[in-house]
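First up is the structure itself, then whatever we jot down about it.
The values are calculated or read from the model by the stated rules, or taken from the named source; none is laboratory data. This structure is a prediction, so every number in the text was calculated from the model and none was measured. Cβ placement follows ideal geometry from the backbone for every residue including glycine, while neighbour counts extend to all protein chains displayed. Just so you know, the surface numbers come from the protein's heavy atoms only, side chains and all, with ligands and any DNA or RNA stripped out. Shrake-Rupley method; radii C 1.70, N 1.55, O 1.52, S 1.80 Å.
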Amino acid sequence: MNWDAIGAIGEIVGALAVVVTLGYLAVQVRQNSQAVKNSAAQSLLSEANESLRVASSHPDTARAVILGQTLFDELSEGEKAQFITWVFSWMRTIEQAYFQYEKGYIDEEIWEGHTAHHRQLINAPAIEVWWSQRRCFFSQKFQKYMDEVAALGSDVISPTEAIQQMSEQH
């Protein structure tokens, strides 16, 4: 065997090694992308659960969050402050989730359930007023999304109505 043949074999082996390496890297990138998606979805779930945990951690806070959506005028000044602060925090969570969804980090099926909740919230009387006054604190893209969601209306009953119905059934 001459040196030219040995060199050609070396080039072929080198090319195969590059192809194998690129294949391996492609698999790793795909796995990493899935891990990032899973992490984003888990982060959203954690933030949403934390917001709900805070809202339900004390009866007065839960009352403010639930009644604030439909019976805002019945809240005390302190409860109104709690409610407004909670709404702002919740909207920030939704905004971050929206951008994660837009990047493809949250599955469509999961996002559909969140969108139904967004429709219920943004169409609650007090939150409609809050949104009209505070929308400027959010990105233009998110404002457009929430306006589109609001325009769909909501066929979901309010938390206050849900509580009444549950009380009547038991």
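Below are the figures for this structure:
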item: Of the criteria (1) of a type in the set (S, T, N, Q); (2) buried (at least 18 other Cβ atoms within 10 Å of the Cβ); (3) farther than 27 Å from E74 by Cα, which one N123 fails; result: (3)
item: So F137, is it crowded, with 18+ Cβ neighbours inside 10 Å and modelled with pLDDT of 95 or more; result: no
item: Members of the stretch 44-102 that are under 19 Å from V129 (Cβ atoms), free of Cβ contacts under 8 Å to residues at least 40 places away in the same chain and not in a helix (DSSP H, G or I); result: L75, S76
item: Boolean, I163 is touching a residue at least 40 places away in the same chain (Cβ under 8 Å), among the β-branched types (V, I, T), in a helix (DSSP H, G or I) and open to solvent by 20 Å² or more (accessible area, probe 1.4 Å); result: yes
item: Residue that is touching a Leu at 6+ places or on another chain (Cβ under 7 Å) and at pLDDT 90 or above, where the choices are I127, I122; result: I127
item: Criterion: open to solvent by less than 80 Å² (accessible area, probe 1.4 Å), under 27 Å from Q143 (Cβ atoms) and of a type outside the set (D, E, K, R) - qualifying residue of A26, A41, A17, A8; result: A41
item: The stretch 57-96, residues that are small (G, A, S) and surrounded by fewer than 18 Cβ atoms within 10 Å (Cβ to Cβ); result: S57, A62, S76, G78, A81, S89
item: Failed item, numbered, when R92 is tested on (1) modelled with pLDDT under 90; (2) closer than 24 Å to N49 by Cβ; (3) out of contact with any helix residue (DSSP H, G or I) (no Cβ under 7 Å at 6 or more places or on another chain); result: (1)
